[in-house]
Amino acid sequence: MMIFLRPALFAVATLLAGCMSAPPALDLSLSRATAPHGIRAEIKPLTEPVPLQKLHAWELKLSTPDGQPVTGARITVDGGMPQHHHGLPTQPRVTKDLGNGRYLIEGVKFSMSGWWEIKLAIEGPNGTDKVTFNLVLPES
Amino acid sequence: MRRYLGSALAAAACVAASLVMAGGGTEWSAAERAVLATLRLNQLPPAPADPSNRVATLPAAATLGKRLFFDRRLSSNGAVSCASCHDPQLQFQDGKAVAQGVGTGIRRTMPIGSAGHTPFLFWDGRKDSLWAQAVGPLEDAAEHGGNRLAFAHLMRAHYRQDYESVFGKLPDLEGLPADAGPLGTAAQQEAWQALAPERRSEVSRVLANIGKAIAAYERTLHHGETRLDRYIGAVLDGDPAAGDILSAAEIQGLRIFIGKGRCVTCHNGPLLSDQQFHNTGIAPHGPAEQALGRRSGAAKVLRDEFNCLGPYSDARPEQCGELQFLAADGPTLEGAFKAPSLRGVALRPPYMHAGQLAGLDAVIAHYRAAPPARYGRSELRPVALSGEEAQYLRAFLLSLDGAIVERER
């Protein structure tokens, strides 16, 4: 995800957040394992670069540790800016099961540059799994 | 590996910014210039379309809306128009801590300018379009104190031709009482309930259309360029005369604004506002429900009959994304109020949602201290500014004057 990591833009984002840097060890990977069952969750924005101040959609792909798609999962989306004590400005949700372990998340909006968390809770047959993604958004 | 590099560079940029500031210089780093570029007014795109108002950009609707905006007959005592509180000479606000209509309001009048850019209106975001906002005060007991049947009669008596050329035929009001509305006095509410549902719907539609015409006018009100915009333009062009546009103190204040003051975190973009709701620990005003801010505003907009999904909206449900995906829950809504645009801020004390802070000195002192919130939790952390830096920041904020200009786009 080059858009999040280009150093110059990262610096801009940090300045815009008033020198409130994201923690240095922040894992910015958009493909992560959930806890406790190690489901592979992969998210990607459907609009790039990720826009500020605009509603947009993401796609989520879920697969088991051995690579099988996780279908029929019930997913809730949460998140916010940990450094600013505010949540997401909207309440995104899964609006479509795209099949084959893929899900459409609509209603995502980021109101400012900086460090954002996207938290997913995934309810499957074995209980609830959780995963948190980190994004650092530059000024677009 | 790359992320560590990114953070290291970011930290270096912060250090560099502080060093430049400490030296009192007027040079801007590449990263700072990139931030400055985002604040220029010419970076503001046209206001997004409002699919809930099919006449939002119709000139005839704006012309009608302008007449309605200044018409004092749209009030219970014949003395209050929209312009009574939204005074064109004062950036379309009134300079008072709380609004004064036919009664005394509960919040600070918000200025009007580039208002088509915000998805939610009012300090608590209880309306989701300019037109839905406009109908609120008309029926509010403390503001215009009117009722929707009286407004419909008024449109027939004084605006029939102009109304009908924009919206089509006015309903026949023959035999209906002079006053009736769901939010009025007990007698007006009783008269409203006595009307057949289809009559109520027709009359409500007239009120919605009054709002849509006023919204079309309000969409023509834009922020004018200020010295800040000219200064940033000159900096980006490498024009050595930039230093003549803002004073040295104002430039230092701008550096604090985008740097250690962290003002730009929420007051970002060309309107110097992220258009979101934040708890900044401002002392509550009024009863608890009112003090909850966005918490109660979110609940209100969801049940508002004039919202994007309601019967008087021209939008299809899938065009109502902001409402469909509204965040109506979570602890961060409590005590949160809209971050207003800072354009023109120098000219409109007192500050905050009920004018709680008299001047910019008090505002800066509040952000330096970051007191805890009485409702919810403040997002602020104390900002460590010296007395001199606070004065620089004040000087910069005082440079944000500028007029509101009327133009079609």
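The values are calculated or read from the model by the stated rules, or taken from the named source; none is laboratory data. This is a predicted model, so every value here is computed, not measured. Quick reminder, even Gly has a Cβ in these numbers, built from the backbone with ideal geometry, and neighbours come from all protein chains shown. When the accessible area is computed, the model is the full protein with side chains, heavy atoms only, and any ligands, DNA or RNA have been set aside. Shrake-Rupley method; radii C 1.70, N 1.55, O 1.52, S 1.80 Å.
Laid out as a table, the results:
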quantity: Solvent-accessible area per residue for the protein assembly as shown (1.4 angstrom probe, square angstrom); calculated: 42
quantity: Principal-axis tilt of helix B:227-236 within chain B, Cα atoms, nearest 10 degrees; calculated: 50
quantity: Candidates B:G355, B:G243, B:G253: whichever shows maximal mean-square fluctuation once chain B is modelled as a Gaussian network with Cα springs under 10 Å; calculated: B:G243
quantity: The stretch B:201-316: C-alpha gyration tensor shape, a/c 1.5 cut-off, then a/b vs b/c; calculated: oblate
quantity: Flagged links, alpha-carbon separation over 18 Å, of A:K61/A:K109; A:K119/B:K300; B:K169/B:K212; A:K61/A:K130; calculated: A:K61/A:K109; A:K119/B:K300
quantity: Average beta carbon contacts from partner chains per residue of B:323-334, 10 Å cutoff; calculated: 5
quantity: Selection of trypsin sites (Lys or Arg not before Pro), the stretch A:33-140, meeting DSSP coil and at most 14 other Cβ within 10 Å; calculated: A:K54
quantity: Chain B: relative contact order in percent, alpha carbon pairs under 8 Å with at least 6 residues between; calculated: 22
quantity: Test item: Cα-centred dipole of the protein assembly as shown, Lys/Arg +1 and Asp/Glu -1 on Cβ, debye; calculated: 420
quantity: Folded to 0 to 90 degrees: helix B:59-69 orientation relative to chain B principal axis, Cα; calculated: 90
quantity: Charged-residue dipole, Cβ positions (Lys, Arg, Asp, Glu), chain B about Cα centre, Debye nearest 20; calculated: 480
quantity: Calculated FRET efficiency for the pair B:E305/A:L98, C-beta based, R₀ 30 Å, to 0.05; calculated: 0.30
quantity: Highest-MSF residue in chain B out of B:A157, B:A142, B:A242 [GNM, Cα springs under 10 Å]; calculated: B:A157
quantity: Partner chain coverage, peptide B:37-44 - average Cβ within 10 angstrom; calculated: 1
quantity: Separation of the B:R54 and B:A283 label points, Cα + 7 Å toward Cβ, nm; calculated: 5.0
quantity: Cα gyration tensor, the protein assembly as shown - rounded (a/c under 1.5), prolate or oblate; calculated: oblate
quantity: Cα centre as origin, Lys/Arg/Asp/Glu Cβ charges: the stretch A:27-103 dipole, Debye; calculated: 180
quantity: Rel. contact order, % - alpha carbon contacts under 8 angstrom, at least six apart, the stretch A:51-140; calculated: 33
quantity: Mean Cα-pair separation over length for the stretch A:48-96, i.e. relative contact order, pairs under 8 Å, 6 or more apart, %; calculated: 22
quantity: Cα long-axis angle, helix B:387-398 against chain B (0 to 90 degrees, to the nearest 10); calculated: 40
quantity: Shielding of B:233-239 by partner chains, average beta-carbon count, 10 Å; calculated: 0
quantity: Global geometry of the stretch B:50-167, whether rounded, prolate or oblate, following the gyration tensor of its Cα atoms and the 1.5 cut on a/c; calculated: oblate
quantity: Within chain B, longest stretch clear of exposed GluC sites (Glu not before Pro) (DSSP loop, no more than 16 other Cβ within 10 Å); calculated: B:28-173
quantity: Residues B:A79 and A:T132, FRET efficiency given R0 of 45 Å [Cβ-Cβ distance, rounded to 0.05]; calculated: 0.20
quantity: Residue with peak Gaussian network fluctuation, chain B [Cα springs, cutoff 10 Å], from B:S29, B:S204, B:S313; calculated: B:S29
